[in-house]
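Structure first, then comments.
The values are calculated or read from the model by the stated rules, or taken from the named source; none is laboratory data. Only a predicted model underlies this, so the values are computations on that prediction, with no experimental measurement involved. Here Cβ is always computed from backbone atoms with ideal geometry, including for glycine, and neighbour counts include all displayed protein chains.
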Amino acid sequence: MAEPRRRAPGDAAPPYDAFDGLFSVEIHHKGFFCGTDNNNTYMDYEVAWFDNCESDTWSLLWIDDFLQQLGYDRDCLKLDVYWCQPGKTLVDGLRNLTCDADILAMIAATTEHKNLLLIVDHGERLDSALRDDILLDGVPVLSKVITPGKESKGKEQYSCPEERSVPNKRRSRRLFGEGSSSGCADEELEEQDGVNAAESETDEDFYDSDYDIEDGDDDLYVKNVDKEVDDHREKDTACDYEAELAEDALDDSHLHLSNEQREKLKYHFKGFNPETDLNNPIFKLGQVFGNVQELRHAITSYSIRNRVQVKKTRNTSKKIIAVCSGECPWYLMASKDNRTSSFVIKKYCDEHTCTKAWNLKGLTAPFLTRKFKDEFRDNEKMPLKKFSEKVQTEYNLIPTRSKLGRARRSSVKEIRGDDDNQYMQLWDYGEELRKSNPGSKFFLCTKEIEDEKTKEIKEHFSTLYWSLDACKRGWLNGCRPIIFIDGCHLKTRYKGNLLTVVGIDPNDCIFPIAFGIVEVESTSSWEWFLASLKDVQQAEGGGH
């Protein structure tokens, strides 16, 4: 592996792979630290680059070698080398390189960062930088601050801040030294010494009001307070500053915002919550949507809720433009924000001049499914007449009967699952049953049938028998030695019959033992079901 080399000024950084173990070192030297612990900067520095540094051989000796190439000797100059951790600033990211533990931290950082920053601290550089601001011959005595005050007679006087804290103290005739720039004469100071004790006790230096207390302020209350307003039962509401912020509010020169604060306020928009706002969407300029599907659902819900014919003239994955029917001025344009990968409303006109519509294309079966799925979760057999009444109450619209039927079937399918998927998961159910309840029996029989469309031979469901080991042992140990058999029809897409074997427990309640699913309820199917039950009992060595 090549040894580290110093990069010439203007040369491009070599590309390093994530797994080659090489990295570059950027050294800032000939500078000095300035500031406090909370605001520290490194000023007037020069930059030197060293490439082809290998993480396997990285140590403090390499740093000493780099400093020697730059013309420094750490033993004579007592230099301190700091490492700025990646992703941090000089305030919280500096780490002094003094031992091997610090080197190990740098090696660990090279797995993700291929450029490391080192800062050289020349101990005497800070003192030399500050020496220019200090007078070598000392500093003169600074003059005391003079603040104007008001007397009760309207005559201005000058006072010293130290004298305000002790109002009864007699003021000195000579307040200022030779370096004073005040133009106060000794005669004015003598007049101030003649002020009586009563006036000095009132501390007139602080008296800076244009109105006297004796004049009263009742007229201000009558002038500015409206007695007819009753705000005792007014609710405490927080102001929505984001909604009241005008487009040109950030241009106010009195705010004195930095560029970072201005950018943060500029792009701080209100987000759209589909769980709460989708029922009655209210669009605003600058509103943010998580993805394009949320915006599409919101536009459809807005069209149905307000009974307006909203049409999407442009509907792509990066931009959506929606307009209202006819000459209505309502308009919405939203596009994708590359910074956050979300959709933001860029242009919006919230004004309708059209009439209410009774037949909306957006009122589809999938929309009704999303809206009323929880209603069918509580009552899967809701009649279509009652379903139509719910839609009419919610949206003041009457959809067709076929549309209501499709929405109900789709809702039940999402709640209960598809029948095909349920049958395809029977093998997994049997394995899980044997794993969670050892000793249980699960027999699934299939038959080969030729597919009419593809002409392929596929296995199709025929019969199924299963019994839980816990139920079987519970019946043998605690129930009466008698069983009951019964069967019922399965009202699913593929029909079939369910055969059951139950017993009676000591509380005279039904105790399930085994179950079976067959195509039809016949003598042969019952013989197969009872034979399976008998074989299981004999294999276990039980029975009465």
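Return yes when Arg377 is among the charged types (D, E, K, R), within 23 Å of Glu275 (Cβ to Cβ), modelled with pLDDT under 90 and surrounded by 14 or more Cβ atoms within 10 Å (Cβ to Cβ) and no when it is not.
No.
Looking at (1) β-branched (Val, Ile, Thr); (2) at pLDDT 90 or above; (3) not assigned by TED's automatic domain parsing to the domain that holds Gly286, can you tell me which one Ile345 breaks?
With respect to (1) β-branched (Val, Ile, Thr); (2) at pLDDT 90 or above; (3) not assigned by TED's automatic domain parsing to the domain that holds Gly286, Ile345 is out only on (3).
In region 34-53, what residues are modelled with pLDDT of 85 or more, touching a Phe, Trp or Tyr at 6+ places or on another chain (Cβ under 8 Å) and of a type outside the set (Gly, Ala, Ser)?
Scanning region 34-53 gives Phe50, Cys53.
For the list (1) of a type outside the set (Val, Ile, Thr); (2) outside any loop (DSSP other than H, G, I, E, B); (3) in contact with a Phe, Trp or Tyr (Cβ under 7 Å, 6 or more places away or on another chain), I need the number of the one condition that Lys373 fails.
(3)
Which residue is surrounded by the most Cβ atoms within 10 Å (Cβ to Cβ), if the candidates are limited to region 316-342 and must be within 29 Å of Gln392 (Cα to Cα) and modelled with pLDDT under 90?
The selected residue is Ser325.
Out of all the residues in region 453-467, is one or more in contact with a Gly (Cβ under 9 Å, 6 or more places away or on another chain), in contact (Cβ under 8 Å) with a residue 12 or more places away in the chain, of a type outside the set (S, T, N, Q) and surrounded by fewer than 16 Cβ atoms within 10 Å (Cβ to Cβ)?
No - not one qualifying residue is present in region 453-467.
Under the condition of being outside any helix (DSSP H, G or I) and either touching a Ser or Thr at 6+ places or on another chain (Cβ under 8 Å) or of a type in the set (S, T, N, Q) (or both), which residue from region 381-407 is nearest to Glu275 (Cα to Cα)?
Checked region 381-407; the qualifying residue nearest to Glu275 (Cα to Cα) is Asn396.
So which residues in region 278-298 are of a type in the set (D, E, K, R) and assigned to a helix (DSSP H, G or I)?
Residues of region 278-298 that are of a type in the set (D, E, K, R), as a first pass: 284, 294, 296.
Those that are of a type in the set (D, E, K, R) and assigned to a helix (DSSP H, G or I): Glu294, Arg296.
Return the pair list, or none, for Cβ contacts closer than 6 Å from residues in region 89-117 that are closer than 17 Å to Phe66 by Cα and not assigned by TED's automatic domain parsing to the domain that holds Trp62 to residues that are in a loop (DSSP other than H, G, I, E, B) and of a type in the set (A, V, I, L, M), at least 6 apart or on different chains.
Listed pairs, sorted by first residue: none to list.
Looking for whichever is under 17 Å from Gly123 (Cα atoms), in a loop (DSSP other than H, G, I, E, B) and polar (S, T, N, Q) here; the options are Thr89, Thr98, Thr57. Which one fits?
Just a single option satisfies the conditions, and that option is Thr98.
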